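What follows is a short report on a single structure.
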Amino acid sequence: MMKPILFSKSHLPLVHARFIISGQIHDPFLAGNLLESLLRSAPIAHSAARAFVSSFPRRSAFIYNTLLHAYLIDNLPSRALHLFDEMLHCNAVPNKHTFPLLLKALAQTRQLHCGVSLHSMIIKLGFSSDQFVHASLIHFYGSLGRVLDARRVFNENSGSGVSAFTALLSGYVKSGNLSSAREVFDGMPERNLVSWSAMISGYVQFGAPGEALVLFWEMMGMNLRPTYSILASILVAAAELGALPEGKWVHGFLERSRMRLSSNLKTSLVHMYAKCGDLTSAKQTFERSRDRNVDLWNAMIGGLGLHGRGREASVLFSDMVADGIWPDDMTFVCLLSAYSHSGMVSDGRECFESMSRVYKIEPKEEHYSCMIDLLGRFGFLMEAIHLIEIMPMRPSDGIWGSLFTSCGTYGDIVLGEALGKHLIEMEPYEPGCYVRLANLYASSGRWKDALSVRAAMKSRGVELEPGCSLIEVDGVVHDFLL
DNA sequence: TTAGGGTTAG
């Protein structure tokens with residue numbers, strides 16, 4: 001195998017000029033070396049790379065592939081696809097290295113039809129059994145929600161490699177089918193850290209944090225070294241379960257292994273400590289961190305809010321702005337929810353209003369939802385309705401639901417009855433709506449109406465599932481059915 | 001001749 005000749009960054013302009021003068025620029029191999037030297041010294045220098053390529057009279061597939069790769073690294077999938085058009089136009093023949101790059105660009109831009117056409121081209125050119133192309137095709141179909149097509153492509157190759165298995169597994173995860181994902185995982189002839197990561201994060205994303213923890217300990221039992229992303233998934237799982245010892249174990253592991261804590265991991269740690277009720281450790285982690293990005297501030301503001309410390313959350317927000325960190329959407333969700341948990345109605349109003357006026361962030365549905373919840377919780381029902389009326393988007397069932405709950409709290413039977421009926425009409429198989437409407441009737445002595453709501457619920461076959469609460473005692477997570 | 005794959009939390 002011939003090694004590429006790489007030129008140092010400082011020599012590049014000179015070498016480029018010399019190639020042009022001597023005519024060596026006509027040699028696609030040397031021109032390719034020049035391009036690769038540039039991109040190795042500055043991987044995101046796509047515009048300089050583009051200029052280089054424009055000066056190459058003969059452009060090989062290698063040259064196009066290298067530039068396609070640079071566009072993808074710089075998160076410019078559309079430019080990569082335009083470059084492919086140019087490649088075909090210039091009669092450069094794509095090779096097996098071209099297709100994984102294009103399939104990634106098409107997955108990112110979610111272009112199913114173009115991907116299907118490209119799939120035909122791959123078959124015609126005879127690249128479909130290449131393991132890189134094969135895994136990329138499965139990933140393409142899986143990430144566009146076409147898991148059956150992903151499975152069909154997977155089945156076409158008998159000796160699928162670990163990447164093809166992982167891509168299929170991840171396709172099932174994306175479609176929410178965790179049991180099929182697990183079947184693929186269990187059937188893998190070999191696994192690597194990427195496959196473990198895909199399965200563990202799949203469990204976390206789809207609300208199965210307990211399974212994620214079990215799988216994590218199984219992985220650790222095999223003496224595999226967890227990656228950052230696996231540890232971050234485990235921190236989320238621990239936060240969901242309120243499993244403080246597991247969360248602390250991850251923190252200890254990171255410190256023992258002297259792994260550098262990225263901002264993302266610090267954010268996950270703060271979130272985990274706050275959700276597990278250890279606000280002191282959350283604060284310590286936050287305060288020890290020197291380079292605080294907006295996500296880390298948000299995690300701490302949200303953590304304080306979760307514990308009803310709205311006043312401290314408000315002070316922290318001011319510190320953040322004073323520190324030169326510009327708030328984002330999530331900052332206001334955390335702040336509004338902190339005010340809601342602390343009964344700080346006027347602060348909430350002011351915050352909601354200043355979002356767009358001062359910080360130029362237009363409130364999204366989640367901000368309206370927080371604000372309506374805050375107003376409703378503290379009895380400002382008419383103001384909450386006014387906000388629903390003026391919000392630019394269609395109110396979600398969650399918004400109507402939180403207002404309905406407030407009607408029950410404040411005994412507003414007329415509004416509550418109208419909302420309850422509306423919600424049942426919208427979601428006839430949601431037991432909570434029936435129960436809350438029946439309770440509302442019962443609280444005002446309208447027993448007949450309460451019974452008829454219960455009867456309607458029964459006749460439609462809607463059953464109330466017991467609620468579940470989790471608590472961790474001495475390292476064991478217990479669940480309670482309510 | 002050089003290069004291309006699957007995972008990534010809050």
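The values are calculated or read from the model by the stated rules, or taken from the named source; none is laboratory data. Computed from a predicted structure; not experimentally measured. All Cβ positions, even for glycine, are placed from backbone atoms using ideal geometry, and neighbour counts span all protein chains on display. Note: accessible area is taken over every heavy atom of the protein model, side chains too, but ligands, DNA and RNA are not part of it. Shrake-Rupley method; radii C 1.70, N 1.55, O 1.52, S 1.80 Å.
Taking Cα atoms only, the orientation of helix A:12-22 departs from the longest principal axis of chain A by about 40 degrees.
Across the options A:G305, A:M457, A:G432, the greatest Cα extent toward the positive end of the charge dipole of chain A (unit charges at beta carbon of Lys, Arg, Asp, Glu) belongs to A:G305. The residues of the stretch A:292-395 expose on average 46 square angstrom of accessible surface per residue, using a 1.4 Å probe on protein heavy atoms. Principal-axis analysis of the Cα atoms of chain A puts helix A:162-174 at an angle of about 30° to the longest axis.
Applying a 10 Å radius around every beta-carbon, put A:92-102, A:133-143 in order of their mean neighbour count, most first. It would help to have the intermediate numbers written out before the result.
On the way: A:92-102: 20.6, A:133-143: 25.3.
Top to bottom by mean Cβ count within 10 Å: A:133-143, A:92-102.
A 1.4 Å probe, protein heavy atoms only, puts the accessible area of A:L306 near 90 Å². Tally up the carbon and sulfur contribution to the accessible surface of the stretch A:276-413 as a whole percent, 1.4 Å probe, everything protein left in place. Percent of accessible area from carbon and sulfur atoms in the stretch A:276-413: 52. Using only alpha carbons, the stretch A:1-119 has a radius of gyration to Kirkwood radius ratio (Rg to Rh) of 0.99. When shorter helices are ignored and each DSSP H run of at least 4 residues is given -39500 (n - 2.57), the per-residue value for chain A at 222 nm works out to -22000 deg cm²/dmol. Taking 27 Å as the straight-line reach from the Cα of A:K283, the lysines in range (excluding those fewer than 8 positions away in the same chain) are A:K248, A:K266, A:K275.
P(r) for the stretch A:292-395, from all Cα pairs and a bin width of 5 Å, is 2, 14, 25, 26, 18, 9, 4, 1 %, short bins first. As a size descriptor, the averaged projected area of the C-alpha convex hull of the stretch A:82-184 was calculated at 6.1 nm².
Projecting the Cα positions of A:Q108, A:C90, A:S120 onto the charge dipole of the stretch A:86-183 (unit charges on Cβ atoms of Lys, Arg, Asp and Glu, taken about the Cα centre) puts A:Q108 furthest along the positive direction. The long axis of helix A:431-443 is offset from the longest Cα principal axis of chain A by roughly 20 degrees.
Let me see the P(r) profile for the stretch A:255-308: every Cα-Cα distance counted, bins of 5 Å, each bin given as a percent of all pairs. Bin by bin from 0 Å, the calculated values are 4, 23, 34, 23, 11, 3, 1, 0.
Might you report the magnitude of the Cβ-based charge dipole of chain A about its Cα centre, with Lys and Arg at +1 and Asp and Glu at -1, to the nearest 20 debye?
1580 debye
Select from A:L12, A:S289, A:S136 the residue farthest towards the positive end of the dipole of chain A; place +1 on Cβ of Lys and Arg, -1 on Cβ of Asp and Glu, and compute about the Cα centre. The one lying farthest along the dipole's positive direction is A:L12. Of the trypsin sites (Lys or Arg not before Pro) found in the stretch A:242-351, those that fall in a DSSP loop while having at most 14 other beta-carbon atoms within 10 Å are A:R258, A:R260, A:R290. For chain A, the alpha carbon positions stretch 95, 54, 49 Å along the principal axes, listed from largest to smallest.
Among the GluC sites (Glu not before Pro) within the stretch A:132-194, which fall in a DSSP loop and have no more than 12 other Cβ atoms within 10 Å of their own Cβ?
For GluC sites (Glu not before Pro) across the stretch A:132-194 that sit outside H, G, I, E and B with at most 12 neighbouring Cβ atoms in 10 Å, the list reads A:E190.
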